[in-house]
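Written out below as C-alpha cells is the structure these notes cover.
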Amino acid sequence: MNPARTLDRIALISDVHGNLTALEAVLADIDARGITRIFNLGDYVGKGPRGREVVDLCRERCEVNILGNWDDFLPDPDRVFDTDALKWWLHQLGPGQGEWLRSLPFCHDFVMSGRRIRLFHASQETVHRRVRFDHDEAEFLGLFTNTAATGDGPVPSVVGYADTHDPYYETDRERRTVFNTGSVGNCMGDPTPVYVILEGVMDGEAEAPFSIQFVRVPYDWEAELEVAAAMGMPELEGYTVEIRDGVYRGNLKAGESPDYHRSPAV
C-alpha cells in the first residue's frame, strides 16, 4: 500500500427511532467531516415521533440500509401484540414505508484493509435476539458464525452491530473484533447521539491501517421533546427519560434502577 494514500471512511449509524432532530445533527457532523458513505444498521422507527421523516431521510442519504427489530415488528401485518403507542407509531409511517422496512437485508458484508466485516442489527441469528456488552464467550464467538439469517460465505473477522443502544468495542487474541454502534436517537447511559466511523482501504484484501472511531454529537433534545409533545405522541414520559437521561423506560415501569446495558441477573 502507498503510505500516502488517503484512507476510505464509512459512517455507521443506527437506532434513530424516529428522532429526526438527532439524525439531522449526526448527518451534519458526518457532512462536515467530508464523509459521503453512510451505512444504517436499522431501527428507524418507534419510540420517537417522526418515523416517516427518518425513513425518508435515511433512504435518501444511506448507501446501505439494514433491517432492525422495530422495522420488522412494527409494520408486520400479522402482528398480534398491540398498544395505543404502537398504533400511533405505525400510523406515522408513509405509504409503502412499512413494506420497505420489512424488505431490508439482514446483514451486509464487505472487506476493508484485509478484514472481513459483517454488519447486522442485533445478532447473527435474528433481529429479535439481543447480545449485550457483558455477554459470555459463547455469545462472542457466535457473532462470527454463518447462520440461516446471514447466509454462507467467508466468516467475518470484524462484526459491527447495534440494537442495545450501548456502544462498546472488544477484541480477542485471534484478532476477532466486535463493536456496537450505540444509538443516534435513543442512546442509553450517556444519551448523547453516537455513531461510528470505519477508516481503511475499502475492498482492500491486503492488510492496511484500519480504525474504528466513536463520535458523540450533542443536539437540541429539548426541541425534539417539544415536537413529540406537539404531535401528541404516546409514552412521552418514557421518551423524555430516555433521550434526556439515558434511562430505559422499561426500568421506570418496573420500578427498577437503570440497568439496560447489563444482562438480566440469573
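Summary table below
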read-out: Every residue from region 155-203 that is aromatic (Phe, Trp, Tyr) and under 17 Å from residue 111 (Cβ atoms); value: 179
read-out: Residue check, residue 178 in a strand (DSSP E or B), of a type in the set (A, V, I, L, M, F, W, C), over 13 Å from the mean Cα position of the chain (by Cα) and closer than 19 Å to residue 42 by Cα; value: yes
read-out: Residue within region 137-144 that is open to solvent by 70 Å² or more (accessible area, probe 1.4 Å), among the charged types (D, E, K, R) and part of a helix (DSSP H, G or I) present; value: yes
read-out: Failed criterion for residue 129 (all others in (1) open to solvent by 40 Å² or more (accessible area, probe 1.4 Å); (2) on the phi > 0 side of the Ramachandran plot hold); value: (2)
read-out: Search result, residues across region 215-261 that are at pLDDT below 95, among the aliphatic types (A, V, I, L, M) and surrounded by fewer than 16 Cβ atoms within 10 Å (Cβ to Cβ); value: 252, 254
read-out: Pairs, first at pLDDT below 95 in region 140-156, second among the polar types (S, T, N, Q) and open to solvent by less than 40 Å² (accessible area, probe 1.4 Å), C-beta under 8 Å, six or more apart; value: none
read-out: Failed criterion for residue 119 (all others in (1) in contact with a His (Cβ under 9 Å, 6 or more places away or on another chain); (2) over 18 Å from residue 9 (Cα atoms) hold); value: (2)
read-out: Wholly enclosed helices (runs of 4 or more DSSP H) of region 3-106 bearing at least 1 residues under 16 Å from the mean Cα position of the chain (by Cα), of a type in the set (S, T, N, Q) and within 15 Å of residue 127 (Cα to Cα); value: 69-73
read-out: Residues (crowded, with 16+ Cβ neighbours inside 10 Å and under 27 Å from residue 238 (Cα atoms)) located in region 145-178; value: 161, 162, 163, 164, 165, 166, 167
read-out: Yes/no for residue 15 being touching a helix residue (DSSP H, G or I) at 6+ places or on another chain (Cβ under 9 Å), acidic (Asp, Glu) and open to solvent by 40 Å² or more (accessible area, probe 1.4 Å); value: no
read-out: Among (1) over 28 Å from residue 220 (Cβ atoms); (2) open to solvent by 40 Å² or more (accessible area, probe 1.4 Å) - the single one residue 75 does not satisfy; value: (2)
read-out: Residues satisfying the stated conditions in region 153-168, i.e. in a loop (DSSP other than H, G, I, E, B) and either farther than 20 Å from residue 64 by Cα or not acidic (Asp, Glu) (or both); value: 153, 154, 155, 156, 157, 162, 164, 165, 166, 167
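Residues checked against (1) of a type in the set (Val, Ile, Thr); (2) in contact with a Ser or Thr (Cβ under 8 Å, 6 or more places away or on another chain); (3) surrounded by 15 or more Cβ atoms within 10 Å (Cβ to Cβ); (4) modelled with pLDDT of 95 or more:
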{"site": "85", "(1), (2), (3), (4)": "no, no, yes, yes"}
{"site": "94", "(1), (2), (3), (4)": "no, no, no, yes"}
{"site": "103", "(1), (2), (3), (4)": "no, no, no, yes"}
{"site": "106", "(1), (2), (3), (4)": "no, yes, yes, yes"}
{"site": "115", "(1), (2), (3), (4)": "no, yes, yes, yes"}
{"site": "133", "(1), (2), (3), (4)": "no, yes, yes, no"}
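The values are calculated or read from the model by the stated rules, or taken from the named source; none is laboratory data. On a predicted model such as this, the values are computed, not experimentally measured, just so you know. Counting neighbours? That spans all protein chains shown, and the Cβs are built from the backbone with ideal geometry, glycine included. All accessible areas refer to the heavy atoms of the entire protein, side chains included, with ligands and DNA or RNA removed. Shrake-Rupley method; radii C 1.70, N 1.55, O 1.52, S 1.80 Å.
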